[in-house]
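Each remark here refers to the structure printed beneath this line.
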Amino acid sequence: MRTIGVTALLLLGVAGLLTIAVRGALHDRDQTRGTVTVTGCTFEAYGRHGDTYRCRGRFAGPFDVAAVSFSNLGDLPPGATVEAAVSGPGDDTADLVSEGYWRLVLTLGGSLVLLGLMAALWRARSGRLAR
């Protein structure tokens, strides 16, 4: 009985992670990709794995946006370029393309780990039943 409860929790975890992956991919699909040339960054917050900076710059792609901003872990020097995406010509915030890649890696990788745990759990259970 306990195995079924743990399996249900693991499946809920997989479903949650896959939902995040699909929603993120759908969001990214509606974005227009290009590059942002950084004009400057200002400190935003201290973080455990690095400080967050709010950076500004000009978006260039199929259309140009004179001023967009985005959050970044670390300060970027003026003139640096980053791959980014915006939702349209009127958007003033950009999403870094690398965030979408990391979201997919973490959510799909996490799903595989949970499915592996579930398989190990059921393999161990079947070994106990065979005795």
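The values are calculated or read from the model by the stated rules, or taken from the named source; none is laboratory data. All of these numbers come straight from a predicted model, not from anything done at the bench. Heads up, the Cβs are rebuilt from the backbone with ideal geometry, glycines too, and the neighbour counts pull from every protein chain shown. Only protein heavy atoms, including side chains, enter the accessible area calculation; ligands, DNA and RNA are left aside. Shrake-Rupley method; radii C 1.70, N 1.55, O 1.52, S 1.80 Å.
Restricting attention to the stretch 69-92, and to residues there that are of a type in the set (S, T, N, Q) and open to solvent by 60 Å² or more (accessible area, probe 1.4 Å), which single residue is farthest from Arg23 (Cα to Cα)? So that I can check it myself, show each step before the final result.
As a first pass, look at the stretch 69-92 and keep what is of a type in the set (S, T, N, Q): 69, 71-72, 81, 87.
Now restrict to residues that are open to solvent by 60 Å² or more (accessible area, probe 1.4 Å): 81, 87.
Values: Thr81: 27, Ser87: 15 Å.
Filtering first and then ranking leaves Thr81.
Checking Ala66 against (1) assigned to a strand (DSSP E or B); (2) surrounded by 13 or more Cβ atoms within 10 Å (Cβ to Cβ): exactly one of these is not met. Which one?
Exception for Ala66: condition (2).
Provide a single number: the residues in the stretch 1-40 that are open to solvent by less than 70 Å² (accessible area, probe 1.4 Å) and closer than 28 Å to Gly116 by Cβ. Outline the logic, then answer.
Start the filter on the stretch 1-40 by keeping residues that are open to solvent by less than 70 Å² (accessible area, probe 1.4 Å), which leaves 3, 5-8, 10, 13-17, 21, 24-25, 28, 31-32, 34-38, 40.
When the remaining residues are screened for being closer than 28 Å to Gly116 by Cβ, the result is 3, 5-8, 10, 13-17, 21, 24-25, 28.
So the count comes out to 15.
Being surrounded by 13 or more Cβ atoms within 10 Å (Cβ to Cβ) and closer than 30 Å to Leu18 by Cβ is true for just one of Leu112, Leu117. Which residue is that?
On the way: Leu112 fails: surrounded by 13 or more Cβ atoms within 10 Å (Cβ to Cβ).
Sole residue among the options that is surrounded by 13 or more Cβ atoms within 10 Å (Cβ to Cβ) and closer than 30 Å to Leu18 by Cβ: Leu117.
I'm told Arg54 meets every condition in (1) surrounded by fewer than 17 Cβ atoms within 10 Å (Cβ to Cβ); (2) out of contact with any Asp or Glu (no Cβ under 6 Å at 6 or more places or on another chain) except one. Can you identify the failing condition by its number?
All conditions pass for Arg54, except number (2).
Count, please, the residues in the stretch 37-51 that happen to be out of contact with any Phe, Trp or Tyr (no Cβ under 8 Å at 6 or more places or on another chain) and either of a type outside the set (D, E, K, R) or at positive phi (or both). Even if it seems obvious, please write down each step before you answer.
Step one: list which residues in the stretch 37-51 are out of contact with any Phe, Trp or Tyr (no Cβ under 8 Å at 6 or more places or on another chain), which gives 37-40, 45-50.
From the residues that got through so far, the ones that are either of a type outside the set (D, E, K, R) or at positive phi (or both) too are 37-40, 45-47, 49-50.
Total satisfying the criteria: 9.
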